[in-house]
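The values are calculated or read from the model by the stated rules, or taken from the named source; none is laboratory data. This one's a predicted model, so the numbers in the text were calculated from it and none came from an experiment. Every residue, glycine among them, receives a Cβ derived from its backbone with ideal geometry; neighbour counts consider all protein chains shown.
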Amino acid sequence: MATGTPGNVQPAAVAAVGRIRGRRRGSTRVPYKREEVLMGYLFVLIPMAIFIAFFIGAMVFDFWISFNHWAILDTPRWVGSANYNYIFHTDPVFWTAIKNTITYAVVVVPIQTVIAFMLALIVNQNIRGKTFFRTTFYFPSVTSSVAISLIFIFIFNNFGLLNTLLGDISGGHVTGANWIGDPAYALKSIMGLNIWTTTGTLMVVFLAALQDVPREVLEAAALDGATGIQAIVRVVVPLIRPALFFVVANGVIGTLQVFDQAFIISQGSGGPQYSTMTAVLYIYNNAFANSYYGVAAAASFVLFAFIFVATILIRRFIGEEAA
């Protein structure tokens, strides 16, 4: 029997984790016949053609438009780097949108990841009513974001449900905050909305990964004297690292592209005082409200650069598999 102190996860658990990783990396490639390979390429031919035409082709066209002045009804006119100079040096709203977007991502992603992981740990236990809790936690994720945002407005507006309840609790002596009309609270309120609506989906991802963790590894950690938290940090987390990478990467990409909640709650203005102006909302307003398609294209490529760099950094520090 392996022995160890409670402060460390000793050889039995480490060896079990190593065996699991070895099995994952040691899988052999199955040779395919030429006809099977050809049939596989034929199956993906049309989807790849659509992807190249409407994704890669659209990106190339958008990059070209970012160096032109174009109001969609006229002929594109080459202006060089004028659109980039405009968003970087002339329009202060762009940097406000970038600041709001980065703040939003930095706050939302860690909180929703931690909450989703904790919920997954809870519903992965053999407790009574776990199916009910799984459904309850996941339900907001399958509800339309537009419907959720409208309900959110009803709850958090000046005379909404939340302030009414606060007034009733305090005997009518507290007015309550202007949650979506005050620049100090507007973006924070959208953060809370997004955390609530996305945590359920991330919980399901973590739950699937947790159910794939072999029981022998947890038993070995227990024999080594590891506490529950030590087993989670030293054993469980390394084994579900691909799921963690997926959750964090998709969370960062999703938060950097946040649009619908900010658009609905601010009615497209990004207010109050641009406190809910996000990068995608800025792009939308320039493209469809102001017909500055060149400016919108330039801003979209700057956002693409942010997302690309963020994804590379996440891949560098988290990765898909522990070393």
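Those helices (runs of 4 or more DSSP H) of the range 182-239 in which at least 3 residues are out of contact with any His (no Cβ under 9 Å at 6 or more places or on another chain), of a type outside the set (A, V, I, L, M, F, W, C) and surrounded by fewer than 17 Cβ atoms within 10 Å (Cβ to Cβ), considering only elements entirely within it, cover 215-223. Going by what's in this entry, would Ala249 be described as over 23 Å from the mean Cα position of the chain (by Cα), part of a helix (DSSP H, G or I) and farther than 18 Å from Asn126 by Cα? Spelling it out, it is not the case that Ala249 is over 23 Å from the mean Cα position of the chain (by Cα), part of a helix (DSSP H, G or I) and farther than 18 Å from Asn126 by Cα.
Does Val109 satisfy the criteria of being out of contact with any strand residue (DSSP E or B) (no Cβ under 6 Å at 6 or more places or on another chain), within 19 Å of Gln261 (Cα to Cα) and buried (at least 21 other Cβ atoms within 10 Å of the Cβ)? In short, yes.
When Val114, Val108 are checked against the criterion of being free of Cβ contacts under 8 Å to residues at least 40 places away in the same chain and within 20 Å of the chain's Cα centre (by Cα), a single residue qualifies: Val114.
Restricting the search to the range 70-105, which residues are among the polar types (S, T, N, Q), under 21 Å from Val280 (Cβ atoms) and without any contact (Cβ under 8 Å) to a residue 12 or more places away in the chain? Within the range 70-105, just Thr90 meets the criteria.
For Val108, the conditions (1) modelled with pLDDT of 95 or more; (2) not in a helix (DSSP H, G or I) are fulfilled apart from (2). Counting the residues of the range 259-283 that are assigned to a loop (DSSP other than H, G, I, E, B), in contact with a helix residue (DSSP H, G or I) (Cβ under 6 Å, 6 or more places away or on another chain) and more than 15 Å from Pro183 (Cβ to Cβ) gives 1.
With respect to (1) surrounded by fewer than 17 Cβ atoms within 10 Å (Cβ to Cβ); (2) within 23 Å of Phe63 (Cα to Cα); (3) among the polar types (S, T, N, Q), the lone exception for Thr101 is condition (1).
Please work out if Thr311 is at pLDDT 90 or above and buried (at least 18 other Cβ atoms within 10 Å of the Cβ). Considered against the rule, which asks whether it is at pLDDT 90 or above and buried (at least 18 other Cβ atoms within 10 Å of the Cβ), Thr311 comes out as no.
Hey, does the range 255-268 have a residue that's surrounded by fewer than 16 Cβ atoms within 10 Å (Cβ to Cβ), farther than 30 Å from Ile72 by Cβ and either within 18 Å of the chain's Cα centre (by Cα) or not basic (Lys, Arg) (or both)? No, the range 255-268 has no match at all. Among the residues of the range 77-92, those identified as of a type outside the set (Phe, Trp, Tyr) and surrounded by fewer than 15 Cβ atoms within 10 Å (Cβ to Cβ) are Arg77, Gly80, Ser81, Asn85, His89, Thr90, Pro92.
Quick grid of which residues meet (1) of a type in the set (A, V, I, L, M, F, W, C); (2) in contact with a helix residue (DSSP H, G or I) (Cβ under 9 Å, 6 or more places away or on another chain); (3) within 16 Å of Ile307 (Cα to Cα):
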| position | (1), (2), (3) |
| --- | --- |
| Val93 | yes, yes, no |
| Ala105 | yes, yes, yes |
| Pro110 | no, yes, no |
| Phe117 | yes, yes, no |
| Leu121 | yes, yes, no |
| Asn124 | no, yes, no |
| Thr131 | no, yes, no |
| Arg134 | no, yes, no |
| Tyr138 | no, yes, no |
